[in-house]
Amino acid sequence: MGEIDMSILNILQIIVGLPLALFIPGYLATRIFFKELDELEKVALGFVLSIALDIIVGLFLGYNETMKNITGGITAFNLWLYLGVITILLIIVWIIKNNDEYKKILSVFLKLFEKER
């Protein structure tokens with residue numbers, strides 16, 4: 001029974017982990033920064049940016065001994081944590097950027113800071 005549970009957990013990790021590592025963060029960044037591209041171009045660039053992000057996270061987690069000691073190195077938990085946080089932050093930025101009410105609030109704050117200068 002325990003062996004079956006672990007195999008189901010491993011399959012779920014693969015089903016969730018592959019899109020998280022290979023597509024979702026890059027696609028969200030593409031939706032945020034490259035609105036003028038066609039959808040197919042956004043998908044392709046999403047894969048490329050996600051792989052680049054994976055490389056950057058890997059370098060951050062285990063570049064040298066000091067970083068490895070601070071972050072705990074490259075472990076499955078750390079990869080899930082960092083990629084999950086980055087994805088959540090990108091989702092928040094995408095929601096804020098696409099919501100007109102947040103744009104109005106942001107423009108009011110920007111005007112306040114412009115007047116102070």
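Testing residue 8 on (1) modelled with pLDDT of 95 or more; (2) more than 14 Å from the chain's Cα centre (by Cα); (3) of a type in the set (Val, Ile, Thr), one condition comes back false. Which one is that?
Single failed check for residue 8: (1).
Could you list all residues from the stretch 49-102 that are among the charged types (D, E, K, R) and surrounded by 12 or more Cβ atoms within 10 Å (Cβ to Cβ)? Step through it out loud before you land on a result.
Narrowing the stretch 49-102 to residues among the charged types (D, E, K, R): 54, 65, 68, 97, 100-101.
Once the filter is applied, which keeps residues that are among the charged types (D, E, K, R) and surrounded by 12 or more Cβ atoms within 10 Å (Cβ to Cβ), the stretch 49-102 yields 54, 68, 97.
Mind checking which residues of the stretch 37-48 are part of a helix (DSSP H, G or I) and either touching a residue at least 12 places away in the same chain (Cβ under 8 Å) or surrounded by 13 or more Cβ atoms within 10 Å (Cβ to Cβ) (or both)?
Across the stretch 37-48, the qualifying residues are 42, 43, 44, 45, 46, 47, 48.
With the requirement that a residue be under 14 Å from residue 30 (Cα atoms) and either among the hydroxyl-bearing types (Ser, Thr, Tyr) or modelled with pLDDT under 75 (or both), what does the stretch 81-117 give you?
The answer is 87, and nothing else.
Can you find a residue that is in contact (Cβ under 8 Å) with a residue 40 or more places away in the chain and of a type outside the set (Gly, Ala, Ser) anywhere in the stretch 67-75? Spell out how you get there, then give the answer.
First, the residues of the stretch 67-75 that are in contact (Cβ under 8 Å) with a residue 40 or more places away in the chain: none.
No - not one qualifying residue is present in the stretch 67-75.
Is one or more of the residues making up the stretch 54-63 more than 23 Å from residue 13 (Cα to Cα) and not in a helix (DSSP H, G or I)?
Checked the stretch 54-63: at least one residue is more than 23 Å from residue 13 (Cα to Cα) and not in a helix (DSSP H, G or I).
Out of 32, 24, 15, I need the residue that is of a type outside the set (Gly, Ala, Ser) and without any contact (Cβ under 8 Å) to a residue 60 or more places away in the chain. Which one?
Details: 32 fails: without any contact (Cβ under 8 Å) to a residue 60 or more places away in the chain; 24 fails: without any contact (Cβ under 8 Å) to a residue 60 or more places away in the chain.
Just one listed residue meets the conditions, 15.
The values are calculated or read from the model by the stated rules, or taken from the named source; none is laboratory data. All values reported here derive from a predicted model rather than from experimental measurement. Methodologically, a virtual Cβ is constructed for each residue, glycine included, from the backbone with ideal geometry; neighbour enumeration extends over all protein chains shown.
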